[in-house]
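Asks: Let me begin by handing over the structure; questions about it come next.
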Amino acid sequence: MKQQRSRFPSNRGRYYPPVDLIVSSESLTSIRNIGRFRLEPSADCCNDVSQPSTSPVIVENPQEETRWYWKYFLGKEHQNFAGIDPLTKAPFFMSVLIEDEPDGNRICRSILWTSQGPRRLCIPAQSNSSKWFTAKFVLQQFPGLSNYNRSLKEIPSAKVQRELTVLEDQEGGINCKFGVVYALHDQVSDTQMLSNEYGDANFDQFVKLLGQRIDLQDWGSYRGGLDTTTNSTGRESVHTVFCGHEIMFHVSTMLPYSKDNRQQVTQKPH
């Protein structure tokens with residue numbers, strides 16, 4: 001079977017309807033804050049008197065946190081392909097978009113949808129070779145798939161776009177976790193800092209400013225990698241919400257402490 005090339009259907013309106021049409025579908029009623037500019041914080045998200053803010057929310061790693069399909073693919077000409085992973089035998093889906101940059105160069109964006117979550121890839125055009133535009137070539141650029149040699153099936157359907165939009169939304173919002181470590185004035189190593197089983201009054205006051213102290217057992221919101229069933233990462237933590245983004249603070253004095261383990265290896269991953 002010949003490799004699929006990045007040639008877009010001529011009847012664009014059939015496969016790539018306007019954004020307004022896609023997001024108005026009844027199947028998207030569960031999507032939160034639906035709209036053209038969902039990726040930007042809303043104008044009133046920081047107007048809560050109890051949570052004043054004068055600075056914008058900055059995402060340090062937008063390549064991983066931005067909803068790529070919504071921002072770069074939806075409403076634009078692109079292709080979606082289905083395939084089978086030869087190692088795991090699990091199905092996957094791949095979205096491919098080729099566009100011109102303001103500087104005149106071409107760029108390829110791709111999202112690989114797997115059961116482990118989406119993987120994102122951005123490839124600058126090195127040449128005008130037609131090989132560069134094949135779906136198989138793009139797929140082979142993902143780590144672990146360089147030897148992929150099976151056929152891919154293109155799925156030209158507006159319904160698929162709606163389903164991918166919902167799937168991406170279900171991945172959750174841009175949530176963050178931060179480590180908060182209590183250190184005495186003469187402590188310089190992580191071993192010394194993590195040996196502090198308790199903080200002082202000033203540290204406790206600082207932690208109180210960060211957010212709400214919550215019980216981890218059966219915690220039903222964003223957990224930031226903490227255990228909410230067996231208390232293996234402590235019984236309590238500190239959680240807050242800022243402009244719609246959940247934040248979990250991994251406070252060193254709330255993580256498990258062992259007098260017999262000088263290195264406190266259970267705390268270091270956090």
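The values are calculated or read from the model by the stated rules, or taken from the named source; none is laboratory data. Because the structure is a prediction, the values reported are computed rather than measured. Methodologically, a virtual Cβ is constructed for each residue, glycine included, from the backbone with ideal geometry; neighbour enumeration extends over all protein chains shown.
One line per residue, one yes/no per condition, for (1) within 26 Å of the chain's Cα centre (by Cα); (2) surrounded by 11 or more Cβ atoms within 10 Å (Cβ to Cβ); (3) under 16 Å from residue 233 (Cβ atoms):
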residue: 187; (1), (2), (3): no, yes, no
residue: 196; (1), (2), (3): no, yes, no
residue: 202; (1), (2), (3): no, no, no
residue: 206; (1), (2), (3): no, yes, no
residue: 213; (1), (2), (3): yes, yes, yes
residue: 218; (1), (2), (3): yes, no, yes
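Asks: To continue, here is another question. Which count do you get for residues in segment 46-97 that are at pLDDT 60 or above, part of a loop (DSSP other than H, G, I, E, B) and of a type outside the set (Ser, Thr, Tyr)?
Replies: Residues that pass the stated criteria total 11.
Asks: Mind checking which residues of segment 220-252 are surrounded by fewer than 20 Cβ atoms within 10 Å (Cβ to Cβ) and of a type in the set (Ser, Thr, Tyr)?
Replies: 221, 222, 228, 229, 230, 232, 240
For (1) aromatic (Phe, Trp, Tyr); (2) on the phi < 0 side of the Ramachandran plot; (3) without any contact (Cβ under 8 Å) to a residue 24 or more places away in the chain, each residue gets a yes or a no:
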residue	(1), (2), (3)
104	no, no, yes
110	no, yes, no
122	no, yes, no
142	yes, yes, no
152	no, yes, no
180	no, yes, no
195	no, yes, no
209	no, yes, yes
